[in-house]
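Asks: Have a look at this one before I ask anything.
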Amino acid sequence: TFLLSRCLLKMVKGNIIVPEDILSFCCNGLQGSTSPPRAREPGEREEAPGAMASPSPARNPTEVQMSQLVLPCHTNHRGELSTGQLLKWIDTAACLSAERHAGCPCVTASMDDIYFEHTISVGQVVNIKAKVNRAFNSSMEVGIQVSYEDLCSGKHCSICKAYATFVAQGPLGSKVRLKPLTPQTEEEKIEYSIAAERRRMRLVHKDTLKDLLTRSPRETELETRDGSGAVPAEKTRVESVELVLPPHANHQGNTFGGQIMAWMENVATIAASRLCHAHPTLRAIEMFHFRGPSQVGDRLVLKAIVNNAFKNSMEVGVSAEAYGQEMSVSRRHINSAFMTFVVLDQEGQPRTLPMVAPEPGDGERRYREASARKKIRLDRKYVISCKQTEVPLSVPWDQSNKVYLSYNNVSALKMLVAKANWALAREKEKVRMYTLEEDKFLSFRIEISVCIPAGRAFSLLSNLRRRHEWDSHYVSAELVQKVDDDDMIYHVVSQKLRHENKPQDFVILASQREPCSKGDPYVVAFRSVTLPTHPARAEFTRGETLCSGFCIWPESEEMSKVAYYNQAMPGYLNYVTTNVAGLSSDICSTFEACEKFLLKNKEDLISRLQD
């Protein structure tokens, strides 16, 4: 524009005629169009601004995207991205997402287990996407997805998925009450719903470990070993100190959580190397838990030791403590974590590792706890991390995996509830039947509004021993074990199916949840489990249920919407499709009986209260 204006000025001075539209363009500069306006043809309509632009989906306002090119300064000796550097980027993206929602400074409270699926090489791009899944009172869960991109081949691959908890902070470190988050997409609704279950699981993690060590001492005894081949755990011990400088601090003046995690990963790697005399690869990190802040000028003491070595992997315990200039002041415990390493051979397969000889006392305690944590990790990976279709229907139940089976039970139902493509299939008076067709499953939902408080309906429907009062398919339900206040295991006997010559029986885990916050439903989830005390018997056909249960939403103080969900199994499919097609009204009739059961028991309760 500048050069053209100079040229036109000379032309005007030289008495050269310049078209009016070009003069207008130059006078208006960047405010005008880069091309002269075109005259409209007769009958042609004027287009609205942006009419040709393709509509883009609304973006989550808390979403943060980060792309980082992996440079040599980010890599280890193998030219692979350092896990410590990746943790820094993950924590940065998650913090920015949390602060977008909170509108104030946020600090990392914890980082859930992270499983690293692949390594990233120099020259590749790391793509990180973080967004808030759910806000509670003063804390929020941020979901992080990490993938890499090969710029030459265009290949994209997932690296890991993580969940971090952040706390919003006001002046002088005071907690801030967060505004609620409203999910929009199906994926966001699923994550929002399951976030409450993940929060519940975090809170009971320590109790789960303690309970396993108490109830299963034999599973965590020291292995019988040839002492000559064992490496003393003391030889793997590492202690290192770091001075917190301004570049290590975040925008609030506290030590950056990602930096602390990177330092912890560094000393843990050294400890693992001292056991195997090779360069280990980090495969998993068990939850980081920040117990307090540290500031610029603090000294951070980082300690690591190999707690236990299994056949192909080892667990390294690592902690961080902080102190100021005065050595006399006691150290503050800042963070702790447990990291799992492997050593890969030239074919990329895990090598066999030497055994560890723990120290008496605390060393033996850490050794046993490492064995218990390995069992918990396997339970979590088996029950939670696998896709729904890859998990056996009836997972063996025991005391050590009760938390994760309960989580899986409730989260599977919540995922089904949050699906977006439910279609109304039938409507009979007040009962509505919906279906959801997916690749491998046909699911159905029955819902009805009932004049009963939601809490009362929840109490009645969560007790399977009373289901035979309204569901003619149930013959009996025996309470086998009360796991805790929220989880029960029942042995259920049902009627014969048309193509069977004997009744069915089920061993069912019933998990119930009251609302976590306003707008959440009451939940009663069912899934099959196996118990050694209740094997399959010849007089029954053993049935299984993958995902079913009730969700109850309060519509007012006296009205509730009751919905029953079921992911139909092959043996049950013919019965469902017959009802969906209108050839039978059995399901609708059963739910009408459910309504009468709820109303009758509501009236009985009112009568007892009046008496």
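The values are calculated or read from the model by the stated rules, or taken from the named source; none is laboratory data. Not measured: the values here are computed from a predicted model. Neighbour counts are summed over all protein chains in view; Cβ atoms, including those assigned to glycine, are modelled from backbone coordinates with ideal geometry. These accessible areas exclude ligands, DNA and RNA; they are computed on the full protein's heavy atoms, side chains included. Shrake-Rupley method; radii C 1.70, N 1.55, O 1.52, S 1.80 Å.
Asks: Can you tell me the length gained on complete extension of the stretch M287 to L378, counting 0.36 nm per residue apart and subtracting the Cα distance?
Replies: Values: separation 91, 0.36 × 91 = 32.76 nm, distance 1.49 nm.
Taking M287 through L378 to full extension adds about 31.3 nm, to one decimal.
Asks: Same structure, new question: With a Förster radius of 60 Å, plug the Cβ-Cβ distance of L71 and Q481 into 1/(1 + (r/R0)^6) and report the FRET value to the nearest 0.05.
Replies: Values: r = 56 Å, r/R0 = 0.93.
With R0 = 60 Å, the Cβ-Cβ based efficiency is 0.60.
Asks: Follow-up question, since we're still on this one. Per residue, how much accessible surface does region 392-601 expose to a 1.4 Å probe? Answer in Å², no decimals. If you can, show how the numbers build up before the last one.
Replies: Values: 9150 Å² over 210 residues.
On a per-residue basis, 44 Å².
Asks: Can you figure out the FRET efficiency of F441 with E326, using R₀ = 41 Å and their beta-carbon distance, to the nearest 0.05?
Replies: On the way: r = 63 Å, r/R0 = 1.54.
Result of the calculation: an efficiency of 0.05.
Asks: By per-residue mean of other Cβ atoms within 10 Å, what is the highest-first order of 197-204, 317-324, 238-245, 523-530? Walk me through the intermediate numbers first.
Replies: Details: 197-204: 16.5, 317-324: 20.2, 238-245: 14.5, 523-530: 23.2.
Top of the packing list down: 523-530, 317-324, 197-204, 238-245.
Asks: Do you know the relative contact order of region 259-367, to the nearest whole percent, from alpha carbon pairs under 8 angstrom that are 6+ apart? Don't skip to the end; give the middle numbers.
Replies: Working: 214 pairs, mean separation 33.1, N = 109.
Reported relative contact order: 30 percent.
Asks: Could you go through region 464-475 in sequence order and give the Karplus-derived ³J(HN,Hα) for each residue, using 6.51 cos²θ - 1.76 cosθ + 1.60 with θ = phi - 60°, rounded to whole Hz, and x for Gly and Pro?
Replies: 5, 5, 9, 5, 5, 5, 10, 10, 5, 6, 8, 8
Asks: With every protein chain kept in the model, how would you rank D520, D398 by accessible area, 1.4 Å probe, largest at the top? If you can, show how the numbers build up before the last one.
Replies: Working: D520 20, D398 55 Å².
Heavy-atom accessible area, descending, gives D398, D520.
Asks: Could you tell me the relative contact order of region 392-601? Use alpha-carbon pairs under 8 Å, at least six residues apart, and round to a whole percent. Provide the component values of the computation, followed by the final result.
Replies: Details: 404 pairs, mean separation 53.7, N = 210.
Reported relative contact order: 26 percent.
Asks: Can you list the HN-Hα couplings for region 140-155, worked out from phi with the Karplus curve (6.51, -1.76, 1.60; θ = phi - 60°), rounded to whole Hz and with x for Gly and Pro?
Replies: Working through the residues one at a time gives 8, 9, 10, x, 10, 10, 10, 9, 10, 10, 8, 5, 7, 9, x, 6 Hz.
Asks: Any idea what the dipole of region 392-601 comes to, in debye rounded to 20, about its Cα centre with Lys/Arg Cβ at +1 and Asp/Glu Cβ at -1? Before the final figure, lay out each step's value.
Replies: Working: 25 positive and 26 negative charges, 50 e Å.
The dipole of region 392-601 has a size of about 240 debye.
Asks: While we're here: Using a Förster radius of 35 Å, what is the FRET efficiency between C451 and V204 based on their Cβ-Cβ separation? Nearest 0.05, please. Could the numbers behind the result be given before it?
Replies: Working: r = 36 Å, r/R0 = 1.04.
So, using R0 = 35 Å, E works out to roughly 0.45.
Asks: Which far-off residues, 5 or more places away or on another chain, put their amide H under 5 Å from the one on E558, with H placed in the peptide plane?
Replies: Result for E558 returns nothing.
Asks: May I pose another question? Taking amide hydrogens as modeled 1.01 Å from N in the peptide plane, which residues meet the under 5 Å criterion relative to R291, leaving out close sequence neighbours?
Replies: N335
Asks: Scaled to the compact-protein estimate 2.2 N^0.38 Å, what is the alpha-carbon radius of gyration of region 392-601, rounded to two decimal places?
Replies: Details: Rg = 16.4 Å, N = 210, 2.2 N^0.38 = 16.8 Å.
Scaled against compact globular proteins, the figure is 0.98.
Asks: Jot down the radius of gyration and Dmax of region 270-313, Cα atoms only, both in angstrom.
Replies: 14.2, 42
Asks: Here's another thing I want to ask about it. If we sort 122-131, 65-74 on the protection proxy, mean other Cβ atoms within 10 Å, highest first, what's the order?
Replies: Working: 122-131: 19.3, 65-74: 14.0.
In descending order of packing, they fall as 122-131, 65-74.
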